[in-house]
Amino acid sequence: MPRKPLYFEIFTTSLGALLLEISYTRIFSFKVFYYFTYLLIGLGLLGIGCGGIAVATSGRLRRAVPERVIPIASFAGGLSVLVSYLLISPIQLNIADKTTGPREILELVVVALLLTTSFFAVGVVLSTILSRDPERAQKLYAADLLGAALGCTLAVPLVWTLTPPRTVIFSGLVIAAGGLRLARGSRALLAVGGFILAILAVPVATGFGLRDPVVAKSKSYEEFRKNKLVLYSKWSPVFRIDVAKHPFYPGDVYLVFHDGQPGSGIRRFDGKTFDRFEYLNKDPRALPFAVLPPEPKVLIIGAAGGHEVVASLFFKAGHVTGVELNPATYNLLTNVFADITGHLAENPKVTLLNGDGRWFMKQAKDKYDLIWFVAPDSYAAMNAATSGAFVLSESYLYTQEMIGESLKHLTDQGIVCTQFGEIAYDRKPNRTTRYISTARAAFADSGISNFEDHVMVSSAPGFPPFRELAVLLGKTAFTPAQTAAFIAKSRQIEAGTVHYVPGMPPADTPLSHVIQLPDAELPSFFEKYPYQINPVRDDAPFFWHFARFRDALSAPVQGNVIDQEDSIAEQVTVAFLSVVVVLAAIFLLLPLVTLRKVWSEMPLKGASAVYFAALGIGFMFIEVAVIQKLTLLLGYPTYALSVTLFGILLSSGLGSYLSARYQGPRKNLLMAALGGLTVVVLASIALLPSIIDAVVGQALPVRILAATFIIAPAGLCLGIFMPLGLRTVSRLTERSHEYVAWVWAINGFFSVIASILSTILAMVVGFRVLLLIALGVYFIGALALMRMPESPPREAT
């Protein structure tokens, strides 16, 4: 008798899997560091791939009735999500600590195994469904992508309403619910499933039994929690904030932690008097106001706890506009801590906005005397997630294009002030020199010559171990009076040091070279310098990527404090890539050992492996590049995450569904998909920047609609390749069940590799080249598919 299609099961399982990945991404960005998310994504895809391998190699799974395998795997997967979180949350992963030893490595392995378990069950369900009914591959794959798209869409509001820990458990609830329909044929199985769903529903509804993850990266944060100094906590899709009493100034100063790291501060202000802020006269925040005209119009990118807003009012700014990325932080000033901050949002001289600084700058029509970047980035802030919740450490606030945009919004005498901390300025002033090299390129693009007359740099002691740098960029050349005022104010700051002002003689320092070397000599200086400090552009916005990959593994950790931006991220990325390559090789060779007879009967294994590997790599490369490009259009990283993922997965599902209606030669459909993808990729490279510039100032609904239309053509083409390949290999042999499960695993393994490799390539060559590489990979895959016969040599089972 014909079997009923399992659209509900594959849809629900994919929905739960995407929710699980994205919510765990948010947890691990808080728990450890943003770049440990690479390991999480790799483990998720690895678990799914292992599930496919299990289906291909296990005789018991092959002989079992799918209507029994799927509910058992679904219920076990849902329960494992809860068990895994309860075991993972208290483990403190001090992997980046200098004292890391065997115990920490063992704990990392335990966490890895726990994470993989839930995704293993997902892999078993997906592989069982696809290998059971390959003739419906297009429609099943469409249901798979639609479930993933819905998971991406729900992830953001669920993180807000349930918190990431409860969203993790909710994803387990969804995965388990995928087995209910098939469990109705067995009372015992249905009872077990109902019991597991009830167990999962309690913590989802109430949070009962779920503790916040232990933070490894910030021991001071855990001390604040232990001493009950934390007054307020709020998860958000951008980063989590915790507001704590200052141990030395309780009631007057509050510390704001961003994802467990000291991020900003809140100081008590009554909204009228500034007596308690006299210290600002000898603070680095005074530097831009020392050279500005009276009552300047100020724009602050990164309003955070409002300290710089109050500082601007203290220095008698005419009006202050503060833009804050994280809605949870914005809510501190407008609601939760409004009484403590003097109701800044209601001050007639203040406008507070929630949004991304880059988007605001693109659509703003006003001009400002001061555009102030106050360490506006957070390592978790500019998140971009793919179907594997891929996270990049990019910042579009420090690129050449952003500085050029800032110059357009300055008055004739206006300045840009950027402040950030340097851990070891005397040894490696990477942030300062890279920002200034980027600014020099932006000034050249804007037609402003004599850059050395438009920049001033000073520093002062900051929060240990940082030294706080202040870079001032003038739209017009700084006058002698402004230079003198800058020097005088720097000297009033305790241990303040002037590093550069116009007219300063050349010195043998990186800063001096970047500012004063002739244009022709700069490329040679950048190449010889031990770190990457060349200008940063939107196409590869990795401002914090200072260490070259070729040098990363040999770079030593220096000093008493580990600088998390000094080679460690690159080392971890390369290490993760090596690990997943080894694991992928092991598991791809596994069928050769366990399925010798079956393996020998599978025809065209090499061509099949190339094709499905190409799909895993190419899809991930395109997904990453498109999402990053559209971050500028949508302005807010959370919107970029949800809208772009939903669009690409939805359109891919639609492409898969429509391809099922095609009954003509396979070659024609393959060439149409490949030709369409080629046109879309080349058009994106050539036209997307202009489209973004034209639309970015529109209202959010218009930008969302534009993003959806931009994504749709690529998704329609991408959705054709996978089901086309599944139908082809299922008809090659009577062993279609094992063959389909095996190629599904191959696709998963190479997606693991691509999730990390795409980061490395984007850092080295940029997103445009990444798109071209993806296109080339699809061409290689198409050639492999053409080697496989279209008409089956055997009757398919």
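The values are calculated or read from the model by the stated rules, or taken from the named source; none is laboratory data. None of these values were measured; they are calculated from a predicted model. Virtual Cβ from ideal backbone geometry, glycine too; neighbours counted across all protein chains shown. Just the protein is used for accessible areas: all its heavy atoms, side chains included, with ligands, DNA and RNA removed. Shrake-Rupley method; radii C 1.70, N 1.55, O 1.52, S 1.80 Å.
Overview of values
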quantity: Test result for Thr438, open to solvent by less than 30 Å² (accessible area, probe 1.4 Å) and either among the β-branched types (Val, Ile, Thr) or free of Cβ contacts under 8 Å to residues at least 40 places away in the same chain (or both); calculated: yes
quantity: Failed item in (1) among the charged types (D, E, K, R); (2) surrounded by fewer than 17 Cβ atoms within 10 Å (Cβ to Cβ); (3) more than 25 Å from Ala520 (Cβ to Cβ), with Asp445 passing the rest; calculated: (3)
quantity: Pairs with Cβ under 9 Å, 6+ apart, first in the range 262-280 and at positive phi, second β-branched (Val, Ile, Thr) and buried (at least 18 other Cβ atoms within 10 Å of the Cβ); calculated: Gly271/Thr341
quantity: Residue in the range 152-204 that is least open to solvent (accessible area, probe 1.4 Å), counting only those that are free of Cβ contacts under 8 Å to residues at least 24 places away in the same chain and under 30 Å from Ile648 (Cα atoms); calculated: Pro157
quantity: Enumeration of residues in the range 265-283 that are open to solvent by 30 Å² or more (accessible area, probe 1.4 Å) and of a type outside the set (Asp, Glu); calculated: Arg267, Arg268, Lys272, Thr273, Phe274, Arg276, Tyr279, Asn281, Lys282
quantity: Restricting the range 733-789 to residues that are open to solvent by 30 Å² or more (accessible area, probe 1.4 Å) and more than 32 Å from the chain's Cα centre (by Cα), the residue that is farthest from Asn534 (Cα to Cα); calculated: Glu734
quantity: Residues of the range 356-369 satisfying the condition of being in contact (Cβ under 8 Å) with a residue 12 or more places away in the chain, within 30 Å of the chain's Cα centre (by Cα) and not in a helix (DSSP H, G or I); calculated: Asp356, Ala364
quantity: Criterion (surrounded by fewer than 24 Cβ atoms within 10 Å (Cβ to Cβ), assigned to a helix (DSSP H, G or I) and either in contact with a His (Cβ under 7 Å, 6 or more places away or on another chain) or not aliphatic (A, V, I, L, M) (or both)) met by exactly one of Ser652, Ser642; calculated: Ser642
quantity: Which numbered condition Ser730 misses (of (1) among the polar types (S, T, N, Q); (2) surrounded by 20 or more Cβ atoms within 10 Å (Cβ to Cβ); (3) closer than 30 Å to Trp544 by Cα); calculated: (3)
quantity: Hits in the range 160-184 - residues which are part of a loop (DSSP other than H, G, I, E, B) and under 15 Å from Val122 (Cβ atoms); calculated: Gly178, Gly179
quantity: Lone qualifier among Ala338, Ala328, Ala286 - being under 25 Å from Thr497 (Cα atoms), hydrophobic (A, V, I, L, M, F, W, C) and either at pLDDT below 90 or open to solvent by less than 40 Å² (accessible area, probe 1.4 Å) (or both); calculated: Ala286
quantity: Unmet requirement for Thr351, which otherwise passes all of (1) assigned to a loop (DSSP other than H, G, I, E, B); (2) closer than 29 Å to Ala485 by Cβ; (3) hydroxyl-bearing (Ser, Thr, Tyr); calculated: (1)
quantity: Count of residues meeting criterion [over 28 Å from Ser264 (Cα atoms), open to solvent by 30 Å² or more (accessible area, probe 1.4 Å) and in contact (Cβ under 8 Å) with a residue 40 or more places away in the chain] in the range 461-481; calculated: 2
quantity: Criterion: crowded, with 20+ Cβ neighbours inside 10 Å, within 22 Å of Leu726 (Cβ to Cβ), of a type in the set (A, V, I, L, M) and modelled with pLDDT of 75 or more - qualifying residue of Ala142, Ala137; calculated: Ala142
quantity: Qualifying residue in the range 647-666 (condition: touching a Cys at 6+ places or on another chain (Cβ under 8 Å), over 22 Å from Ile780 (Cα atoms) and either among the polar types (S, T, N, Q) or in contact (Cβ under 8 Å) with a residue 24 or more places away in the chain (or both)); calculated: yes
quantity: Conditions (1) farther than 18 Å from Arg285 by Cβ; (2) at pLDDT 85 or above; (3) of a type outside the set (Gly, Ala, Ser); (4) crowded, with 22+ Cβ neighbours inside 10 Å; number of the one not met by Phe390; calculated: (2)
quantity: Single residue of the range 695-721 satisfying the filter (over 18 Å from Leu645 (Cα atoms) and either open to solvent by 10 Å² or more (accessible area, probe 1.4 Å) or of a type outside the set (Phe, Trp, Tyr) (or both)) that is nearest to the chain's Cα centre (by Cα); calculated: Val696
quantity: Residue check for Phe170: farther than 30 Å from Leu718 by Cβ and of a type in the set (Phe, Trp, Tyr); calculated: no
quantity: Residue in the range 3-20 that is farthest from Phe75 (Cα to Cα), counting only those that are touching a helix residue (DSSP H, G or I) at 6+ places or on another chain (Cβ under 8 Å) and at pLDDT below 85; calculated: Arg3
quantity: Any chance Val125 is closer than 29 Å to Leu724 by Cβ, at pLDDT 90 or above, among the aliphatic types (A, V, I, L, M) and assigned to a helix (DSSP H, G or I); calculated: yes
quantity: Residues satisfying the stated conditions in the range 512-537, i.e. of a type in the set (Ser, Thr, Tyr), surrounded by 11 or more Cβ atoms within 10 Å (Cβ to Cβ) and more than 21 Å from Ser395 (Cα to Cα); calculated: Ser512, Tyr529
quantity: Residue within the range 203-214 that is charged (D, E, K, R) and part of a loop (DSSP other than H, G, I, E, B) present; calculated: yes
